[in-house]
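Here the structure comes first, spelled out in structure tokens, and everything after it is commentary.
The values are calculated or read from the model by the stated rules, or taken from the named source; none is laboratory data. Everything numeric in this text was worked out from a predicted model, so none of it was measured. Backbone-built Cβ (ideal geometry, glycine too); neighbour counts: all protein chains shown. In case anyone asks, the SASA skips ligands and DNA or RNA and just uses the protein heavy atoms, side chains included. Shrake-Rupley method; radii C 1.70, N 1.55, O 1.52, S 1.80 Å.
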Amino acid sequence: MNAGLAMARCWVEIDLDAVEWNYRSAKGICGDQVQIIPVLKANAYGLGAAVLSRTLYDLGARLFAVAELNEALEVKRACGGDALVLGIIPPVQMERAVQEGIIATVFDQTQARQLSEAAVRAGRKARVHIKLDTGLHRLGYDPSRADEIEAVFDLPNVRVEGLFTHLALREDSADAAQIERLLRVADLLKRDGREFGLLHACDSIGMVRHPQWRFDAVRIGAWLYGVVPSRYPNANGECRLPVRFMTRVAQVRTVAKGDYLGYDEAHPLECDRMIATLSAGYADGYPRVNNVGEVVIHGRRAPIKGLLCMDQMMVDVTDIPDVRTGDAVTLLGDGVSLEQYSAWTGAHRNEALTRIGRRVPRVYTRGGAVVEVRACAEIIHT
């Protein structure tokens, strides 16, 4: 199969040049002394962890963050870099993780001991970052329990390579309180001669909001994928959207005044309209909106009409001449910003990207030319 076949119905284009731009801009913002840890969880927010990990590895990234073990194994095999699992590695997976050299997050005594026992069985060192719960209240050691945190360093076959937290980012004063708790533990460990490796706290938002707390590394996910942090002006386009979500026109017809479109029974047409059916629906990742949102056809906006279906959607093209079956349609991109798209669909911007479905081929470009296509589990080379 070639790229043309992959782009026959519904697809997403990922501009690798834009992803590289975002990575380099983050490096420019942070400086050479701060390590960039690309966050590739949820299949790189839907853009494809395997391809993006190779791209970022070629730019110098060596440590990647994911949510769970299978994601870590995919990244490690794709690019050869290290993978830090930010979430839980259940006991049944621990020995495999140790054998594969995956870096685990440890966040309580029971879990740390289980990981140590798995490492002893495997005859290898368990590589870990210690997570502190400084105020987000998700995962992490209580910073006031220094004895428990220090005990991790004494567990058999455990090597500590990092100490981190995650900011709630509700307000600056609360963020500062979280950092103070992190640094109190870090200072205590240093006084006791404990080498904990990388110190990190900031994600994409924290990277631009709190330059004083970038420490040894920042973990950036959203920034890589064009999600501009809130309250960040992005005046010079440091962060660029690398995604175009596309589909095609399946049919065009005139629908009479008073008729309804699809399953919608609340919005009869006020006059005769020319309606185009598009080959994308909520199974492809566009949320199930009803008479909300716009797409781009022939460079012009067309409003969504009726209730979105699982595999199809309808738009009003009455004012757009010469719309034909097979015409390309942009759902996201080409002037439809991620902010608009997420507002129309009621989704968080990260969520809007990760919703793009598995059956939608990912088409990767450089310099406007297709360089690779991935469709489900199949790799389609051009």
### Task
Give the number of residues within segment 157-194 that are farther than 25 Å from Ala67 by Cα and part of a loop (DSSP other than H, G, I, E, B).
4
## Note on the structure
Scanning segment 313-322 residue by residue, those open to solvent by less than 20 Å² (accessible area, probe 1.4 Å) and among the β-branched types (Val, Ile, Thr) turn out to be Val315, Val317, Ile320
### Task
Would you check which residues across segment 197-226 are closer than 17 Å to Arg24 by Cβ and part of a loop (DSSP other than H, G, I, E, B) and list them?
Arg214, Gly221, Gly226
## Note on the structure
Residue hits (segment 19-53; small (Gly, Ala, Ser) and under 15 Å from the mean Cα position of the chain (by Cα)) are Ala42, Ala44, Gly46, Gly48, Ala49, Ala50, Ser53
## Note on the structure
How many residues of segment 206-231 are modelled with pLDDT of 95 or more, open to solvent by 20 Å² or more (accessible area, probe 1.4 Å) and either more than 22 Å from Asp32 (Cβ to Cβ) or touching a Gly at 6+ places or on another chain (Cβ under 7 Å) (or both)? The answer is 2
### Task
Run down Asp327, Asp311, Asp319 and say which single residue is among the charged types (D, E, K, R), over 21 Å from Lys257 (Cα atoms), touching a residue at least 12 places away in the same chain (Cβ under 8 Å) and out of contact with any helix residue (DSSP H, G or I) (no Cβ under 8 Å at 6 or more places or on another chain).
Asp327
### Message
Among the listed residues Ile304, Ile356, identify the single one that is among the β-branched types (Val, Ile, Thr) and either more than 25 Å from Gly221 (Cβ to Cβ) or open to solvent by 70 Å² or more (accessible area, probe 1.4 Å) (or both).
### Response
Ile304
### Query
(1) in a loop (DSSP other than H, G, I, E, B); (2) over 18 Å from the mean Cα position of the chain (by Cα): which one isn't true of Glu95, the others all being true?
(1)
### Query
Among Ala65, Ala72, which is the only one that is assigned to a helix (DSSP H, G or I), open to solvent by less than 10 Å² (accessible area, probe 1.4 Å) and at pLDDT 95 or above?
Ala72
### Query
Does segment 341-352 contain at least one residue that is touching a Lys or Arg at 6+ places or on another chain (Cβ under 9 Å), open to solvent by 60 Å² or more (accessible area, probe 1.4 Å) and of a type in the set (Asp, Glu)?
no
### Summary
Filtering segment 186-203 for residues that are within 22 Å of Ala104 (Cα to Cα), open to solvent by 10 Å² or more (accessible area, probe 1.4 Å) and touching a residue at least 24 places away in the same chain (Cβ under 8 Å) leaves a count of 7
### Residue check for Gly285: under 28 Å from the mean Cα position of the chain (by Cα), at pLDDT below 95 and at positive phi
no
### Condition broken by Gln93, with the remaining ones in (1) touching a Lys or Arg at 6+ places or on another chain (Cβ under 9 Å); (2) free of Cβ contacts under 8 Å to residues at least 60 places away in the same chain satisfied
(1)
### Query
Can you tell me which residues in segment 97-123 are among the polar types (S, T, N, Q) and either free of Cβ contacts under 8 Å to residues at least 24 places away in the same chain or buried (at least 17 other Cβ atoms within 10 Å of the Cβ) (or both)?
Thr105, Thr110, Gln111, Gln114, Ser116
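So in segment 133-155, with the set limited to residues that are in contact with an Asp or Glu (Cβ under 8 Å, 6 or more places away or on another chain) and outside any loop (DSSP other than H, G, I, E, B), which one is least open to solvent (accessible area, probe 1.4 Å)?
Tyr141
This table checks each residue for (1) of a type in the set (Gly, Ala, Ser); (2) more than 19 Å from Ala177 (Cβ to Cβ).
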| residue | (1), (2) |
| --- | --- |
| Gln114 | no, yes |
| Ala118 | yes, yes |
| Arg127 | no, yes |
| Lys131 | no, no |
| Arg138 | no, no |
| Ala151 | yes, yes |
| Asn157 | no, yes |
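Of everything in segment 211-222, what is of a type in the set (A, V, I, L, M, F, W, C) and farther than 17 Å from Leu332 by Cα? Give them in sequence order.
Passing the criteria: Trp213, Phe215, Ala217, Val218, Ile220.
Just to be sure, is Thr325 hydroxyl-bearing (Ser, Thr, Tyr) and open to solvent by 60 Å² or more (accessible area, probe 1.4 Å)?
For Thr325, the condition - hydroxyl-bearing (Ser, Thr, Tyr) and open to solvent by 60 Å² or more (accessible area, probe 1.4 Å) - is met.
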### Summary
Those residues of segment 19-41 that are aliphatic (A, V, I, L, M) and either closer than 30 Å to Ala250 by Cα or surrounded by fewer than 20 Cβ atoms within 10 Å (Cβ to Cβ) (or both) come to a total of 2
